[in-house]
Amino acid sequence: RKEVEQDPGPFNVPEGATVAFNCTYSNSASQSFFWYRQDCRKEPKLLMSVYSSGNEDGRFTAQLNRASQYISLLIRDSKLSDSATYLCVVNTNAGKSTFGDGTTLTVKP
Amino acid sequence: DTGVSQDPRHKITKRGQNVTFRCDPISEHNRLYWYRQTLGQGPEFLTYFQNEAQLEKSRLLSDRFSAERPKGSFSTLEIQRTEQGDSAMYLCASSLGWGTESGQYFGPGTRLTVT
């Protein structure tokens, strides 16, 4: 079983839709959590941090559930430009970062 | 451009040769990471430096891989006796922080092809 698991998708949604991704992790010692987006043949780009109290940035909301060991990302009012692969990342205090394999989102007109 | 830079961007080598990649992090960042990524997979953690100290190294990394960050600034990743299975994108990332991670910024990567 992988340390960080994501539904690979693909998620195909129309413009304006709301879409949610989940990510589960197995290492209970994990301390910090992030979402990144990666466009085809590009490097990952930091999207947002994830906190237990929730974190909102415009149309994007991230949430952490430590008890159940999962993190989520909600995208409201999807845009064509949101089409990408979304990667969740889990870090330990020792410095090890573990990425999921990503969830692919395609937003269609 | 003050982002993370990597050199070279592409490398083609024959099996058995040694290769070395360079990463220049964002100047004020004290943390530096190396990852390997293949198609359809997320980045796979290889190693992590805080300043010049290599604090974490993946158990998946064989003895053919070595990384250095001698002055706490740029870093090099060397692969000895390359194998076809080493073909991948090698990504470097940097971040600023002490203790809890603050989020990493990636370079464009070095694409390695072993023939």
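The values are calculated or read from the model by the stated rules, or taken from the named source; none is laboratory data. Being a predicted model, the structure only gives us computed values, none of them experimental. Positions of Cβ are backbone-derived with ideal geometry, glycine not excepted, and every protein chain shown enters the neighbour counts. Side chains included, ligands, DNA and RNA excluded: accessible areas come from the protein's heavy atoms. Shrake-Rupley method; radii C 1.70, N 1.55, O 1.52, S 1.80 Å.
Data table
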item	result
For the protein assembly as shown, Kirkwood radius (reciprocal of mean inverse C-alpha pair distance, Å)	18.0
Computed lengthening from A:LYS79 to A:ASN65, 0.36 nm per intervening residue step minus Cα-Cα distance	2.3 nm
Fraction in percent of alpha-carbon pairs per bin - 10 Å, segment A:1-62	16, 47, 34, 4
Above-threshold pairs, the threshold being 24 Å between Cα atoms, out of A:LYS108/B:LYS11; A:LYS2/B:LYS57; A:LYS2/B:LYS71; A:LYS45/A:LYS96; A:LYS96/B:LYS71; A:LYS45/A:LYS108	A:LYS108/B:LYS11; A:LYS2/B:LYS71
Positive minus negative residues near B:TYR48 (Lys, Arg vs Asp, Glu; Cβ under 11 Å)	+2
A:ARG41-B:LYS57 pseudo-label distance in nm [points 7 Å out on the Cα-to-Cβ vector]	3.5
Check: the protein assembly as shown dipole with +1 on Lys, Arg Cβ and -1 on Asp, Glu Cβ, in debye	500
Charge tally in the Cβ shell below 14 Å around A:ASP82, where Lys, Arg are +1 and Asp, Glu are -1, A:ASP82 excluded	+2
Cα-Cα pairs of chain A separated by more than 22 Å (percent)	26
Per-bin percent of Cα-Cα distances, chain B [5 Å]	2, 13, 24, 26, 19, 11, 4, 1, 0
Accessible carbon and sulfur surface of segment B:15-115 relative to its total accessible area, %, 1.4 Å	46
